[in-house]
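Have a look at the structure below, then the notes.
The values are calculated or read from the model by the stated rules, or taken from the named source; none is laboratory data. If you're wondering where the values come from, they're calculated on a predicted model, not measured in any experiment. FYI the Cβ positions are ideal-geometry reconstructions off the backbone, even for glycines, and counts take in every protein chain you see.
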Amino acid sequence: MFRRLVMVAMAIPAAGVLSVAQAQQGNESLLTLASKDINFAKETECIDLGSAKGAYNGIRVRAKKGTVEVTRVSVRYSDGSIHNEDRVIDMKQGERSRPINATGDKFIDHVNITMKPRRGTAVLEVLGMQSPAAAGKKRLPLDKPVPCGGAGAAPVAGGQAIVAKPTEQTPTTATPGKQLAGGEVLFGTQFVGFGVDRDVIRVGTDIGKFDRIRLRVLDNDIFINDLKVVYSNGDPDSLAVNQEIKKNSRTNWLNLKGDRFIKEIQMSYRSKPSFRGQARVEVFGEYAANWLGPDGEGRKYNEGWVLLGAQAAGFVGFDKDTIPVGKNEGGFTKLRVTVRDRAITLNEMRIIYANGADDVIPVRTRVDAGSTYGPIDLKGGKRAIDKIEARYRSRFIDSSAKGKGNAIVEVWGRH
């Protein structure tokens with residue numbers, strides 16, 4: 001266990017270090033760099049640290065007064081780098097976070113704090129981790145700190161900072177709505193031209209609630225004019241404005257306003273004129289932490305059925321689709337298959353459980369568009385599922401089909 005640190009606050013001018021309190025951890029001291037009155041109605045606060053003396057090997061945040069639930073900490077350093085800590089830090093009064101970005105001594109310009117919206121106020125402290133050697137370091141005369149809202153600062157009003165990391169160049173082939181092996185869900189894919197494009201990816205409430213989204217960009221750089229989420233109640237949420245994303249990269253997670261149903265995602269952007277042509281943009285979401293699981297909120301919707309994955313069914317032969325189930329704490333007791341747009345012939349389902357055992361369910365039946373096959377009771381009651389393999393094909397002759405496209409096959413589970 002960490003030993004308790006006794007913090008002794010000393011008020012000094014707001015433009016500089018607000019208080020100094022030391023507690024040794026090895027050869028490092030923990031200093032109170034700033035104290036900020038938080039109004040949760042704002043959701044995001046920026047704290048200037050340009051006057052803090054010396055360099056720091058990471059920071060911590062602490063709830064000095066009240067309860068604070070932080071969803072992101074964005075640290076802007078003097079070398080222009082930005083570290084985004086995307087995780088929930090739930091602190092009661094007096095509690096602090098574990099170290100954030102302890103990667104070596106750096107000068108800190110400012111810190112953006114994003115919090116879960118609610119009523120009330122609190123007082124939040126930023127603590128700096130400093131070695132004796134780092135305490136004596138000084139900024140160069142030309143190394144002026146970038147204040148909150150200054151040129152080069154990570155955006156606060158109107159968006160979150162985007163930091164992109166390289167990704168493989170292979171396009172994602174999953175059908176929108178399907179949960180991938182890592183647990184994220186593909187919302188949709190768009191292609192961006194050289195002019196300003198405005199695209200809308202419709203999500204809807206059938207898939208579930210989400211608390212984060214991110215982008216994956218292939219083939220060409222893009223410039224985001226505005227990335228906005230519209231929730232099911234009509235509320236808009238501008239996540240990013242005026243930011244560039246390099247080709248073949250994937251962004252950090254962008255936090256939503258709590259766990260919400262998403263109506264649609266609106267994007268205004270353009271790709272960089274070059275011989276590479278259009279950019280491919282893929283949009284992903286991550287389920288809210290309390291959506292899945294035996295006691296998850298997902299049980300309150302769709303009569304307790306949770307969408308595990310969706311795929312388009314081909315016309316020739318029997319496609320074999322694998323649906324990784326991902327998080328399913330406590331397991332499932334039933335499965336069902338729902339079909340949209342065109343009838344299918346469902347040939348077989350194979351359920352692979354978390355312990356490696358499997359069940360093969362021969363079917364060989366027609367399932368019409370708008371109807372459901374099942375429910376299928378799993379042997380042995382509630383069981384954790386690793387993945388589901390299904391074999392099916394769209395039917396050529398179907399007078400009730402919507403258009404000439406493929407059928408969409410959805411696999412649902414119930415705890």
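Quick look at the values:
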| item | result |
| --- | --- |
| Conditions (1) under 27 Å from the mean Cα position of the chain (by Cα); (2) at pLDDT 85 or above; (3) not in a strand (DSSP E or B): number failed by residue 125 | (3) |
| Residues of the stretch 75-115 that turn out to be in a loop (DSSP other than H, G, I, E, B), modelled with pLDDT of 80 or more and charged (D, E, K, R), as a count | 4 |
| Complete set of residues in the stretch 166-200 that are closer than 25 Å to residue 241 by Cβ, among the β-branched types (Val, Ile, Thr) and modelled with pLDDT of 85 or more | 167, 185, 189 |
| Those strands (runs of 3 or more DSSP E) lying entirely in the stretch 213-316 with at least 3 residues at pLDDT below 70 and buried (at least 21 other Cβ atoms within 10 Å of the Cβ) | none |
| Filter result for the condition that a residue is modelled with pLDDT of 80 or more and closer than 19 Å to residue 207 by Cα, over 409, 325 | 409 |
| Positions within the stretch 34-69 being in a strand (DSSP E or B) and either over 30 Å from residue 143 (Cα atoms) or of a type in the set (Ser, Thr, Tyr) (or both), in sequence order | 35, 39, 44, 56, 63, 64, 65, 68, 69 |
| Any hit, the stretch 396-408, residues being small (Gly, Ala, Ser) and crowded, with 16+ Cβ neighbours inside 10 Å | yes |
| Candidates 389, 410, filtered to the one that is acidic (Asp, Glu) and either in contact with an Asp or Glu (Cβ under 8 Å, 6 or more places away or on another chain) or outside the structural domain of residue 325 (by TED's automatic domain parsing) (or both) | 389 |
| Subset of the stretch 367-386 (residues that are surrounded by 14 or more Cβ atoms within 10 Å (Cβ to Cβ) and either closer than 13 Å to residue 344 by Cα or not assigned by TED's automatic domain parsing to the domain that holds residue 341 (or both)) | 367, 368, 369, 372, 373 |
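Yes or no, residue by residue, for (1) more than 23 Å from residue 164 (Cα to Cα); (2) surrounded by fewer than 18 Cβ atoms within 10 Å (Cβ to Cβ):
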| site | (1), (2) |
| --- | --- |
| 60 | yes, no |
| 65 | yes, yes |
| 75 | no, no |
| 97 | yes, no |
| 104 | no, yes |
| 119 | yes, yes |
| 125 | yes, no |
| 139 | yes, yes |
